[in-house]
Amino acid sequence: MLKMSFIERLAVSTVATVLALLVGLVVVAVTGYDPVVFSRNLLEGSVGSEAAIARTLMFTTLFILTGVSVAIAFRAGVFNIGVQGQFVIGGFATVLAVLKTAPLLPEGTIGGVVLLIVGTLAAIVAGGVYAAVPGILKAYGGANEIVTTIMLNFIAIGAVGWLVEGPFRGEGQSAPNTERLPEYVGLPQLIYDSPSFSIIGLGIALAVAALIAVLLRRTSFGYDMVTSGHQESAAGYAGVDAKRMIVATMTVSGMVAGIAGAVFTIMIQGYYSDPAGIGTYGYDAIAVSLLAANNPLGAIPAGLLFGGLDSAGSYIGISSDVPAQLIDGIIGLVVLFISAPELFRMAAKRTGLGGDEQ
Amino acid sequence: MSRDSPQEPAVRLEGITKRFGDVVANDDIDFTLERGTVHTLLGENGSGKTTLMSVLYGLYDQDKGTIHVDGESREFDAPRDAIDAGVGMIHQHFQLVEPMTVLQNIILGHEPTSNGLVDESSAREDIEAICSRYGFDIDQHLDTPVRNIDLGARQRVEIVKTLYRGAEILIFDEPTAVLTPQEIDQLLEMMTELTETGCSLVFITHKLDEALSVADQITVLRDGEGVDTVAVPETTEQELARMMVGREVKFDRAARETTPGAPVFGVDGVRVDGDRGRERVSGVDFTVRAGEILGIAGVQGNGQSELIEGITGLRPLTAGTVRFDGNDITGMSRRRRIESGIAYIPEDRQTEGLVQDYSLVHNALLGNQTISPYTTHGFVDWGAVRDHAEEIIEEYDVQPPNPDTDAMSLSGGNQQKFIVGREIEHDPDVMIASHPTRGVDIGSIEFIHNRLIELRNEGLAVVVVSSKLEEIQQLADRIAVMYEGAFIDVVDPDTITEEELGLLMAGRGRDEDSDVNPRPPDADESDRATTTGDETGAPLRDEDDRPGTDSHNGGVQT
Amino acid sequence: MTVLDRAARNRVRLGAGAVIVLLGVILITWLDLPLSDLFTVGFLSRSLQAAAPIALTAIGGLYAEKSGVFNIGVEGFMIFGAVNTAALTWLIGGETAGQGALWMAILASLVVVSVYAVLFAVLVIRYKADQIVAGLAVWFIGLGFGPFMAVLLWGSRNSPGLVSVDNLTVPGLSELPVVGPLLFDASPLVLLTVLVTVGAWVVLYHTRYGYWIQAAGENPEALDTAGVSVARVRYAAVVFSGVMAGLGGAVLLAHAGSFTGTGDTMVNGRGWIGIVAYLFGNYNPIGAAAAALLFGGLDMLQIQFQTVGIDLPNRLVNLFPYLAVIVVLTIWGSTRVPSSVGEPYESEE
């Protein structure tokens, strides 16, 4: 892996994003739309109104959590592409746990808080276990985790999709949805009056990011993990059991993905629907993490950027003719540009803009 | 090839200069190879021998200087040009594709075809002709994958490959590094025969005796500069050694009194499997006492690495026990072994001993993750770790003395000193050192040797593995010679001669003419390649002892 | 690896294979499945159709990996192949596009995809992009711009019904039992896949280019010192892999007759399955194609289940190939990967 300074990483991330947006604008222009209108829509859709800001922060919350989940794995050298599946399984587990536990508890705030905790714990466990599976298969069976986690994404979506269509479809639901969570289970609206965003959700995301940052930087477990990612043989020399570390990494990563799933269920949706249509947060998280150089704190600004993009995407989908899928393509381009820092280094050298190091 | 002017030398290099960044690998070097002779390039690791020959072979472009082959001025942009001009190189790291057969390897890049398909039968005829002309035996094994033949045979495949491409000027890059003494003799003989059939050879080495035994002329390089070129009859080993290192070198062993104490560490009946599940260590016993250095000698690939990995807890044993301080620690995890005072200087500092893109501070924690004061209750005290790093840098004279430098920017010698310092500062009871001075500059070698002897005098039990005979003889109180997974003998360094040791390392009872055998004991060599960074057991990538050059595919090492 | 090692590993694999077959047999007898109704010539022919895109992708992917570049972006290239073919069919032939328009569209889309593949190759070879990240990016770009193009053209993520490829009936040969209906009264694209498979095998093991590809992935330095440009060999292999995956996508579309852009698009993991198919086939084109046939068969089981009246929910039956991939990877996961995969190679300073 190429060694980069903090400034270089920041530069690469910024240039990659700007370049991807520029390509997006070119596509807009080439396909016959007005890039100026499109840019204005981007801004309006992300920060143009209180509702837009709330929507941006809602997406940001999910991107921070899923991004941190990916970052943990990537830092330890494990390619967990399965955050989407762990996110779905975690979110669905929240619904199940809350619906099954609710009748046993009193209604009201206290019951609500307990159910929140139960639901989140269920998501953490479910996400962790679902991620541990490919970890175990990699550590003890040599199965490439990129492929197994992607397969497990398809399986999670298919299986949960079948569950919400059939066995767990809410009574009298015409759409394939589960029953709604009880009304008193939810995060309070404090600042923004939005049914699907609570500043507490964002607070949880920030806290998780900070916690994981401390875990990676200040604990011997984190040191073991990061060292395994940098140089597995050196980690082994220093007493790290590589196989166990793979499983542990996947589990922690899946647990964070589970939290993301719980937040999605509790804060945004309030029930579970066919996961084929809930959004690809787990995949976009890969871009978030890479943009953040796999740093959990870096996932905060990166998550904000992607939150803004996604928010603008849903606005554009409604208020203009430009297909919203463009945003997904732009995210893909960001990832593509980040994959080749050498490209920028050479470009920088050629244009004489720095790049004298190395 | 034009032969009409017999006065023209086969190769003439004039004023070759080659830089890698700020490092001058070759500084204005002249070199002349006469027809039908062997010309040795002699020098320490990192003196620029391989770089010079890589320029001749078209792997590098020189910054300055000219190349003449057979009297004609040449520009080689790529190996292909050199090959076309009749120059071939037998690389130190064999350039062979292991899963492909011997025949496929020989013809790679020069495949005869008919109807678009590779014509293996016509290739076979050509190869057999070459083999009978020069007396090679590998035509018996043309359809064997290279990974299944032993190192000596691989080297012959390399030579035949070069001849198949029509080379008459052959460059041998450290060809003896991986061979047993008997195989070395065979090779040197073969080189003489090659010159008799008209080939001209360049022989790169850092071993004085080999240089003297086969060469007609010797050019000595030091720090990228040509020191002198001498004709063999007119020089001596002492003179060459002085030219190589710039000062007189003593070969004697420091005398010291031996006072071994109680047994500290030992193994009984240890067996270990290699990466592919084949047994590499077949029943080894030894005991090391306090205040004693046990040296384990042997040609690379006879199970030393697996033995050490087994006793340090990096590789499971299939049988046997490990004892430490009277306790059976066979089932103890690697981490517990570190904590209980077994220090280990690993064979491969690049991939195991240091995390290359960590600072020295972060590297100071490597292996100490669970040890107070660096870590308490799972939380790291980076202040304490930094102090520790600074201590090591100071005590062990690590250059540059900056704890925030990345490990990869240190030279090999300084990397090794940092590791040695870190392991000694563990305050261990046992020190296991695997090739502690491989690829390390002379000054650091002395320093590291002195530290190991100090440890022994302080009463530690020390195990040193090395394939360098002089190192083993200087350090060890007892020498165990390992051959094909077992100790063939344990000897006293004061009474054994180097020749006897060499015979032991070759397995003594082994057939004199070791021809191409499918190689059971070395079968695992190939997969260790990826973990130790080197398939032939030859020195490591950073051999240069220079920063910033190892991105060049190992080609710059000399 | 010695003969003994190989034998040992083969024993493990054979054992594992036997266990899988045994489980299958137990399942079939336990559920009392009517075997003869399940495994019909029609089923085989549908399986071949389903396998063709996977096999083409797998063959391309194994060439790239053999040469030392892990092209993890094949799923993305399949999406490009499919959506471009659909779009071009529509642009050439409109709503009433016929066979001619379809074939022209397939060819044109291969040209377009080869341009993408060249860009990708430059990025990973010249600019040493992280092969895994760049490959994922190709997938994401496909997932974004594929449906984007569909919405642009048809106002929906799915295309209207376009045209699917007609069967090619070879007079005489089609009368042969079993083989006749399978190959000679079938989609010409299936026949093409068979030809590509055999051709890829011959090139890999019996031409100099094949030797070079193997050497580039195992020991690029050996190839370089033999005077062959490693970069050129890798460029050729990576571009070939992109084009083959594009062809795979085009074949998928030509068999389906319309583009689906919802969810993970109509490609829906087939590129990833292709990667597993060549691992399973031990990097041998014929082995990869055989593995693709296995996955294709699993994909088509659902129709067989319906015809014999087994009532399993579609959504679950659709998951069989993914489950099979995980099982296969776990048992065969430690296939020997070419030594130098993923490492950029620089021949000079």
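Computed from the C-beta positions of A:Leu22 and A:Ala210 and an R0 of 30 Å, the FRET efficiency is 0.35 to the nearest 0.05. The base-10 log of I(q)/I(0) for region C:153-226, evaluated at q = 0.21, 0.28 Å⁻¹, reads -0.89, -1.13 [Debye formula, identical scatterers on Cα atoms, solvent excluded]. Dipole of region A:63-312 computed with +1 at Lys/Arg Cβ and -1 at Asp/Glu Cβ about the Cα centre; of A:Ala248, A:Phe87, A:Ala234, farthest Cα towards the positive end is A:Ala234.
For the residues of A:321-331, the average number of beta carbons from a partner chain within 10 Å of their own beta carbon is 6. When every Cα-Cα distance of region B:11-245 is counted in 5 angstrom steps from zero, the calculated P(r) takes the values 1, 7, 14, 18, 19, 16, 12, 7, 4, 1, 0, 0 percent. Taken as Cα centroids, region B:127-181 and region B:415-476 sit 37 Å apart, rounded to the nearest whole angstrom.
When peptides C:233-244, B:230-241, B:337-348 are sorted by average Cβ neighbour count within 10 Å, with the highest value leading, the order is C:233-244, B:337-348, B:230-241. For a paramagnetic label modelled on B:Asp268 (point 7 Å from Cα along Cα→Cβ), amide N atoms under 17 Å away belong, within region B:281-296, to B:283-289.
The charge dipole of chain B, taken about its Cα centre with unit charges on the Cβ of Lys, Arg, Asp and Glu (plus for the first two, minus for the last two), comes to roughly 1140 debye. Calculated [222 nm] ellipticity per residue, helices only, for chain C: -23000 deg cm²/dmol; basis is -39500 (n - 2.57) per DSSP H run with n ≥ 4, divided by all residues, nearest 500.
Working ranking of peptides C:260-271, C:48-59 by packing, defined as the average number of other Cβ atoms within 10 Å per residue, highest first, is C:48-59, C:260-271. Computed from the Kirkwood radius of its Cα pairs, the Stokes-Einstein diffusion coefficient for region C:64-214 at 25 °C and 0.890 mPa s stands at 138 µm²/s. Given R0 = 51 Å, the distance between the Cβ atoms of B:Asn327 and C:Leu23 translates into a calculated FRET efficiency of 0.65. Peptide B:108-116 has a mean of 5 when you count, residue by residue, the C-beta atoms of other protein chains within 10 Å of its C-beta.
Structure note, pairs A:Lys349/B:Lys64; B:Lys468/C:Lys66; A:Lys138/B:Lys417; B:Lys49/B:Lys417: Cα-Cα distances above 27 angstrom occur for B:Lys468/C:Lys66; A:Lys138/B:Lys417.
Magnitude of the charge dipole for region C:47-332, about its Cα centre and with charges confined to Cβ atoms of Lys, Arg (+1) and Asp, Glu (-1), is about 500 debye. Peptide B:365-376 shows a mean partner chain C-beta count of 4 within 10 Å per residue C-beta.
Could you estimate the translational diffusion coefficient of chain C from the Stokes-Einstein equation, with Rh from the Kirkwood formula over C-alpha pairs, at 10 °C and 1.306 mPa s, in whole µm²/s? D, rounded to a whole number, is 76 µm²/s.
The three principal axes of the C-alpha atoms in chain A carry coordinate ranges of 68, 58, 34 Å, sorted with the longest axis first. Region A:203-221 and region B:30-95 have Cα centres spaced 55 Å apart. Selection among C:Gly249, C:Gln302, C:Leu183 by position relative to the dipole of region C:47-332 gives C:Gly249 as farthest towards the positive end (Cβ unit charges, Cα centre). Looking at the protein assembly as shown, the DSSP beta bridges with both ends there are about 60 percent antiparallel. Here region C:63-92 and region A:299-344 have alpha carbon centers that stand 22 Å from each other. Near B:Gly266, within a Cβ-to-Cβ distance under 10 Å, what is the net charge of the other residues, with Lys and Arg +1 and Asp and Glu -1? Surrounding charge for B:Gly266 is 0. By the helix-only formula, in which each DSSP H run with n ≥ 4 contributes -39500 (n - 2.57) and the sum is divided by residues, chain B has a 222 nm mean residue ellipticity of -8500 deg cm²/dmol. Rounded, prolate or oblate: pick one for region B:119-172, where a ≥ b ≥ c are the square roots of the eigenvalues of its C-alpha gyration tensor, a/c under 1.5 means rounded, and failing that, prolate if a/b is larger than b/c, else oblate. Oblate is the answer for region B:119-172, as a/c is 1.5 or above yet b/c matches or exceeds a/b. Cα convex hull, region C:111-163: 89 Å³ per residue, rounded to a whole number. Sorted into 5 angstrom bins from 0, the C-alpha pair distances of region B:342-427 split as 3, 17, 29, 27, 17, 6, 1, 0 percent.
Simple rule: put +1 on each Lys or Arg Cβ and -1 on each Asp or Glu Cβ in the protein assembly as shown, find the dipole, and look at B:Gly443, A:Ala299, A:Leu187; the Cα lying farthest toward the positive end is A:Leu187.
I'm a student and want to see the number: the projected area of the Cα convex hull of the protein assembly as shown, averaged over all directions, in nm². The Cα convex hull of the protein assembly as shown, projected and averaged over all directions, gives 52.2 nm².
Computed with a 1.4 Å probe over protein heavy atoms only, the accessible area of B:Ser305 comes to about 10 Å². Distances longer than 13 Å among the Cα atoms of region A:69-138: what percent of all pairs is that? The proportion of pairs with Cα distances above 13 Å equals 66 percent. For chain A, what does -39500 (n - 2.57) per DSSP helix run (n ≥ 4), summed and divided by total residues, give at 222 nm, in deg cm²/dmol to the nearest 500? Value at 222 nm, helices only, nearest 500: -24000 deg cm²/dmol.
The charge dipole of region A:63-312, taken about its Cα centre with unit charges on the Cβ of Lys, Arg, Asp and Glu (plus for the first two, minus for the last two), comes to roughly 580 debye.
Looking at chain B, the DSSP beta bridges with both ends there are about 60 percent antiparallel. With the simple spin-label model, which puts each label point 7 Å out from Cα in the Cβ direction, the C:Val178 to B:Thr113 separation comes to 3.7 nm. Note on region C:159-292: Cα Rg divided by 2.2 N^0.38 Å, N the number of residues, gives 1.27. Relative to the compact-globule estimate of 2.2 N^0.38 Å, the Cα radius of gyration of region C:223-349 comes out at 1.33. Rounded to the nearest 0.05, the FRET efficiency derived from the C-beta distance between A:Glu183 and A:Glu50 at R0 = 25 Å is 0.55.
Place a point 7 Å from the Cα of A:Val113 along the Cα-to-Cβ direction; which residues of region A:169-190 have their backbone N under 18 Å from it? A:183-190, by backbone N distance to the label point. Annotation for B:Asp223 and B:Arg133: the two label points, set 7 Å from Cα along the Cα-Cβ direction, are 4.5 nm apart.
Rg and Dmax of chain B, both derived from C-alpha coordinates alone, stand at 24.4, 81 Å. On the protein assembly as shown, 57 percent of the accessible area sits on carbon and sulfur atoms, based on a 1.4 Å probe. Rg/Rh for region B:1-137 (Cα atoms only, Rh after Kirkwood) is 1.02. Tally Lys/Arg at +1 and Asp/Glu at -1 over every other residue whose Cβ is under 15 Å from the Cβ of A:Gly48; what's the total? Summing Lys/Arg as +1 and Asp/Glu as -1 gives -1. Site pair A:Leu104 and A:Asp321 shows an inter-label distance of 5.7 nm when each label is modelled 7 Å from Cα along Cα→Cβ.
The values are calculated or read from the model by the stated rules, or taken from the named source; none is laboratory data. Quantities reported herein were computed from a predicted structural model and do not represent experimental measurements. So basically every Cβ, Gly included, is an ideal-geometry build from the backbone, and we count neighbours across all protein chains shown. Accessible surface areas use protein heavy atoms only, side chains included; no ligands, DNA or RNA. Shrake-Rupley method; radii C 1.70, N 1.55, O 1.52, S 1.80 Å.
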